[in-house]
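This report refers to the structure that appears directly beneath it.
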């Protein structure tokens with residue numbers, strides 16, 4: 001399967017359908033109750049019962065698609081290549097390899113190739129994002145303290 005077929009570009013019509021579906025689904029979700037979808041396919045219509053957590057996941061996917069973003073669903077323990085992990089962090093692959101060699105992120109080797117778990121990458125991303133927010137808050141507080149007009 002090519003990357004193009006796995007992550008198709010969303011058309012404006014797709015985005016609008018996602019927006020409308022998101023609104024309708026949000027109104028229909030009921031906490032921990034299973035979700036029943038009526039699916040129309042090549043062989044007619046059929047009701048499909050889904051576990052309750054799937055409703056929240058579908059809602060999140062539709063919200064991202066309504067915003068024009070392509071979406072990928074991965075298992076929590078999925079392993080990424082160094083390029084995929086770099087893409088998630090929005091850094092270069094050599095920079096990511098440096099992080100791995102410094103011990104900033106755990107990884108394992110498969111032959112000569114490094115593999116990084118998606119949950120470790122996301123945890124690192126959240127930590128870095130939180131540190132950036134704290135630094136920005138400190139800068140804003142210092143600018144206000146110095147009456148720099150911010």
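The values are calculated or read from the model by the stated rules, or taken from the named source; none is laboratory data. This one's a predicted model, so the numbers in the text were calculated from it and none came from an experiment. Every residue, glycine among them, receives a Cβ derived from its backbone with ideal geometry; neighbour counts consider all protein chains shown.
Selection of the range 108-138 for residues being surrounded by fewer than 11 Cβ atoms within 10 Å (Cβ to Cβ) and either touching a helix residue (DSSP H, G or I) at 6+ places or on another chain (Cβ under 9 Å) or assigned to a helix (DSSP H, G or I) (or both) yields 113, 126, 129, 130, 131, 132, 133, 134, 135, 136, 137, 138.
Do you know which of the residues in the range 5-52 that are part of a loop (DSSP other than H, G, I, E, B) and without any contact (Cβ under 8 Å) to a residue 12 or more places away in the chain is nearest to the chain's Cα centre (by Cα)?
As a first pass, look at the range 5-52 and keep what is part of a loop (DSSP other than H, G, I, E, B): 7-11, 29-34, 42-43, 51.
Checking the rest, the ones that are also without any contact (Cβ under 8 Å) to a residue 12 or more places away in the chain come to 11, 30, 42-43.
Working: 11: 20, 30: 24, 42: 31, 43: 33 Å.
The qualifying residue nearest to the chain's Cα centre (by Cα) is 11.
Tell me, yes or no, whether the range 77-92 has at least one residue that is surrounded by fewer than 11 Cβ atoms within 10 Å (Cβ to Cβ), modelled with pLDDT of 95 or more and in a loop (DSSP other than H, G, I, E, B). Among the residues of the range 77-92, not one is surrounded by fewer than 11 Cβ atoms within 10 Å (Cβ to Cβ), modelled with pLDDT of 95 or more and in a loop (DSSP other than H, G, I, E, B), which makes the answer no.
What number of residues in the range 59-76 are farther than 21 Å from residue 127 by Cα and either at pLDDT 95 or above or part of a loop (DSSP other than H, G, I, E, B) (or both)? Walk me through how you get there before you give the answer.
Within the range 59-76, the first condition is being farther than 21 Å from residue 127 by Cα, and the residues that meet it are 59-73.
Those still in the list that are either at pLDDT 95 or above or part of a loop (DSSP other than H, G, I, E, B) (or both) too: 67-73.
Result for the range 59-76: 7.
So for the range 51-58 (the condition being exposed (fewer than 12 other Cβ atoms within 10 Å of the Cβ) and farther than 30 Å from residue 104 by Cα), does at least one residue qualify? Within the range 51-58 (the criterion being exposed (fewer than 12 other Cβ atoms within 10 Å of the Cβ) and farther than 30 Å from residue 104 by Cα), the answer is yes, since at least one residue qualifies.
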